[in-house]
Amino acid sequence: MIRIIILGANGQLARNTIPVLLRRPDVTLTLYLRRAARLKNPDPNRVSIVEGDVLNQDALCAAVAGHDVVYANLAGDMAQQARTIIAAMHATGVKRLIFMSSMGIYSEVPGERYRSILNPYRDSAALVEQSDLDYTILRPGWFTRDQEVSYQLTQKGEAFKGHDVSLNSLSALIVKLVTSPELDVRCSLGVSRA
């Protein structure tokens, strides 16, 4: 079994990804969020819901322990959240991290100049990149609700292609990454519609 904890489990992308992950019989999930009552448990045999704040180091360590993969889908004080996640992963020996960020953090979107709105994403990505974790940072374009699964990837340092990507495409990519621990390790991937 692959044991995955989703931090920020009530986010739009996380909610879209949970049922895709549960299509795989080899996956168990821990859904970690500040207000657990916001989510209904989709499969009590394979899913645990834990109420907690990512900024609470002790609670996060307790939740992360015993998992194979941490998938962080957060907003807010992202730099401090990244610090706490990295510390919790070190404390518990968990190495694999899938970390959601945003397109534009490296000024890689041609013709666009994103200002301070991206600073939390830039700062948290820099912290993750400086860690010794087996991370993959995802930098998606704007989310769409198209049903298609069609995406293209760009590496850090390459120009971003396109401006949007379907939630279903991102969910498919996340499932691929969490179930293939060696895939795109220590990479920062731009994700847009193919």
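Computed from the coordinates by the stated procedures, all read-outs in this text should not be read as laboratory data. Because the structure is predicted, anything quoted here is derived from the model rather than measured. In this analysis, Cβ positions are derived from the backbone assuming ideal geometry, glycine residues included, and neighbour counts consider all displayed protein chains.
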Whole angstrom only: what separates the Cα centroid of the range 125-167 from the Cα centroid of the range 5-56? 21 Å
Taking the Cα atoms of the chain alone, what are Rg (to one decimal) and Dmax (as a whole number) in Å? 15.6, 48
Whole-Å semi-axes of the range 89-169's equivalent ellipsoid, largest first, each the root of 5 times a Cα gyration tensor eigenvalue? 24, 17, 11
Expressed as a fraction of 2.2 N^0.38 Å, the rule-of-thumb size for a compact globular protein of N residues, what is the C-alpha radius of gyration of the range 63-134? 1.18
Within the set 170, 21, 118, GNM on the chain using Cα springs under 10 Å gives the largest fluctuation to 118
Percent relative contact order of the range 2-193, based on C-alpha pairs within less than 8 angstrom and at least six residues apart? 20 percent
Those trypsin sites (Lys or Arg not before Pro) in the range 1-57 that DSSP places in a loop and that have at most 10 other beta carbons within 10 Å: 23, 35, 40
Taking only pairs that are 8 or more places apart or on different chains, how many Lys pairs in the range 2-193 have Cα atoms under 24 angstrom apart? 4
